[in-house]
Each structure stands twice: as C-alpha cells, then as structure tokens.
C-alpha cells in the first residue's frame, strides 16, 4: 500500500489534495496488483509527467507519452529517473507501439478526445491480458463541469465582451489558467461522462470497471474555489465529503479497469 504521507514533491508538482488523491488511487491500486520490478507502465496523455515520475520513483518502468511537444519537453526537463522515459506520441500512433504493457494510465485524458473509443481500442491491443487500465475523468454532469467548464467553454466559443470580462476578473482574483498537470495549449473538454457513460464505454471497448471512486466535490467550483484555494484543510475535507455523496454530485471519477473475459 502506498503511504499517503510519502514525500512526493521531489517528483511531482502536485500539492492540491484532489491531485494527490488521484495519484495515490493509481499508485496504491497498481502496487497491490503488480510488483514494481519488471513491470512496464504506459502513461497515455502524461502531460508534464507527474504521475509517470512518481510511479518511476516507486521502481516501475514507465513510458510517458503525450501529443503536446510542449508538455513532453517540460516532463523531460523535470525528470531525473533512468527508468522513466518521455516521448511525443499522438493517440492515433498508440497502435504502432510494439511493447505490451502491464498497466496503462489514462488520467484526465478521455474528456479531451473526439473519439475516445479509438484510443481505448488501441490501448486494449498493447495491454497485457491481465493488465490494468486506470481511467480518471471529470464527472460530465457534476458541479465543476456544469457550473464552470461548460459555461466558460461557451464563452470562449463566442469570444465576446463577456469572455474578456471573465478573463479580467480571473486575473484580479489570481487565477492564471495554468495547471501543473500539463503545459499543453489546448485543454478543452469535448466529452462529458456520467458514471453510466463511463461504464458503458468500458464495456463497449472490451473492458470491465473493477474499482470506482470519487475525486472531489466543490473545491474547484467558483466561487467556492476562491475560498478553498486558500485553505488546504478545506480541500482535504472536500475530498472526504466526495467519498460520502452520490456519484452524480461528485466533480470527478477515478476507476480501475481490466479486460473483459
């Protein structure tokens, strides 16, 4: 079991409890099923390499891939682990990889893909029969996507005065739009998954969901976020509240999949 008080700052930029919760979900479940020695892990859409480097620090052999050259360059600059490599690879090129992996990470990725089925089908081909697939996504019908992501993306499409006003307000309140997850320029969401949608997608692409947990509740929902970002204790409490509420109310999902028999 991965201890939650482990020192992660040497390898990852995560500080927010929800990011660490996602990291520990992946690392703990992976360690329960696979020993680090000789285990090959592929981190699809690795961004700046936070998850890849943490798993590498535990002894796993990791390849992190991302379509963004900018994010991959950042990951390479941060990485000092010989068992972790990074490469710019698009989702369409996944099927060209000639290695079979014991585990594949797909964290905060599927919501950005126009055809996630194609990516999951490619993942299935390079995942070993007893391999693990970790999928984390925002809840497409949860408070963050409904109250923040969708309205903001609508304003971005209109590109009018309302958007300019929003940008000014965010700047005044200290929101710079940057994320430790990825330096990629385009982080827009095109898919919005409910729990039922995610489970149906897994079944349709030859997987079954073995474990399913919640991420957070309101910590990243404005105007609550303005208060939560100032107090780490409130963010930790928000993550614990998410574990107790119905899945439809949480802002994100964490899941572990396996190939269906």
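Observations, loosely collected:
- For the chain, the 222 nm mean residue ellipticity estimated from helices alone, with every DSSP H stretch of n ≥ 4 adding -39500 (n - 2.57) and the total spread over all residues, rounds to -11000 deg cm²/dmol.
- Label point 7 Å beyond Cα of residue 229 along Cβ direction - residues of the range 137-155 with amide nitrogen under 15 Å: 148-149
- Note on residue 90 and residue 37: the extension gain reaches 16.3 nm, defined as 0.36 nm multiplied by sequence separation minus the Cα-Cα distance.
- Distance from the range 233-258 to the range 22-92 (C-alpha centre basis), Å: 23
- Rounded, prolate or oblate (a/c below 1.5 giving rounded, otherwise prolate when a/b exceeds b/c) for the range 17-259 by Cα gyration tensor: prolate
- Rounded to 0.05, the FRET efficiency of the residue 211 and residue 161 pair, given R0 = 30 Å and the Cβ-Cβ distance, is 0.05.
- When only Cα pairs below 8 angstrom with a gap of at least 6 residues are kept, the range 17-259 shows a relative contact order of 23 percent.
- Prolate/oblate/rounded label for the range 45-133 (Cα gyration tensor, a/c 1.5): oblate
- Extended-chain gain in nm, criterion 0.36 nm per residue less alpha-carbon gap, residue 154 and residue 100: 15.4 nm
- Each peptide in 152-158, 79-85 was scored by the mean count of other Cβ atoms within 10 Å over its residues; highest first, the order is 79-85, 152-158.
- Take every Cα pair under 8 Å whose residues are at least 6 apart in sequence, average their separation, divide by the length of the range 23-83, and the relative contact order is 33 percent.
- With a Förster radius of 45 Å applied to the C-beta separation of residue 200 and residue 80, the computed FRET efficiency comes to 0.65.
- Acute angle (nearest 10 degrees) that the helix 116-126 long axis makes with the longest principal axis of the chain, alpha-carbon atoms: 20
- Between 0 and 90°, nearest 10: helix 17-33 axis offset from the chain longest Cα axis: 10
Since every read-out is calculated from the coordinates, none of them should be taken as a lab result. If you're wondering where the values come from, they're calculated on a predicted model, not measured in any experiment. FYI the Cβ positions are ideal-geometry reconstructions off the backbone, even for glycines, and counts take in every protein chain you see.
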